Ligand code: ADP
Ligand code: MG
């Protein structure tokens, strides 16, 4: 039951695909930045021990004193782990290699699948008045990804426009179904977004056709093109929207954010006059 005395709760979306290098982190960072740009209050939870989302948003390793690991395993208070980024309205819960031992440490914990769920639903979360929480998952269907699927309302799946892209999806969908049957009956697929799309490449076009035929409306209208500015931005510790605001990549992530905002309306933050 939702508590009427609490403010509206954020839409929690896990960005997941057990394949590495398909654009999860890129999508998490840039979708978060694009939602923040239109006035949503956003928290990005870095759930990957590689910490790429944290690095890509300019959180230096030295300033990751408290991380997602501490949130999950040491019950660190939210204010100790949640940090501001250089982007207005965008907060981050950073990660580092500490998280790589979490899977093993969690095995004996009877609440092991619910740790992120419980952490994100503390009443202490209310003060951030978030509209969206995006979770950047590791490239596996490990206990960390299960935590994300138990914690979230929906899973957003980046699909790289290349051969075999659809093959890994059935395993992912099976895991979603299992989590739905056990821990999170309301779990939805938010959508599948084609990434690194090259319109001149017949293979990209074929993957799009196959995805739309097989998955129908689950596929977002927006397609993320392969764009060199997108791949350069993390080395400047910026979302592409800040690095090159008029690039094709920036436009695509704005369009994806608009699709999400239309489904999950929010009250935009008013800029101070
Ligand atoms: P994952 O998190 O799924 O492992 P990443 O988001 O880290 O994948 O992306 C893998 C690589 O592909 C990175 O080097 C990233 O910069 C690059 N990349 C992702 N999306 C794009 C894009 N739209 N255009 C060009 N390069 C991209
Ligand atoms: Mg990643």
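FYI, it's all coordinate maths here, none of it is from the lab. Please read all numbers here as calculations on a predicted model, not as lab measurements. In this analysis, Cβ positions are derived from the backbone assuming ideal geometry, glycine residues included, and neighbour counts consider all displayed protein chains.
Of all the residues in the stretch 9-26, those that are within 14 Å of ligand 1 (Cβ to nearest atom) and either closer than 19 Å to residue 187 by Cβ or assigned to a loop (DSSP other than H, G, I, E, B) (or both) number 11.
Considering 143, 130, 106, 156, the condition of being away from ligand 1 (no atom under 16 Å from the Cβ) and closer than 26 Å to residue 262 by Cα is satisfied by 130 alone.
None of 89, 96 is surrounded by fewer than 23 Cβ atoms within 10 Å (Cβ to Cβ), in contact with a helix residue (DSSP H, G or I) (Cβ under 8 Å, 6 or more places away or on another chain) and under 20 Å from residue 11 (Cβ atoms) except 89. Scanning the stretch 36-67 for residues that are in contact (Cβ under 8 Å) with a residue 60 or more places away in the chain, assigned to a loop (DSSP other than H, G, I, E, B) and under 18 Å from residue 84 (Cβ atoms) yields 39, 40, 41, 57, 58.
Matching residues to (1) loosely packed, with under 14 Cβ neighbours inside 10 Å; (2) touching a helix residue (DSSP H, G or I) at 6+ places or on another chain (Cβ under 7 Å):
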site	(1), (2)
197	no, yes
207	no, no
211	no, no
214	yes, no
225	no, yes
236	yes, yes
240	no, yes
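In the stretch 25-35, the condition of being surrounded by 24 or more Cβ atoms within 10 Å (Cβ to Cβ), in contact (Cβ under 8 Å) with a residue 60 or more places away in the chain and away from ligand 2 (no atom under 16 Å from the Cβ) is met by at least one residue. When 134, 120 are checked against the criterion of being away from ligand 2 (no atom under 16 Å from the Cβ) and within 27 Å of residue 270 (Cβ to Cβ), a single residue qualifies: 120.
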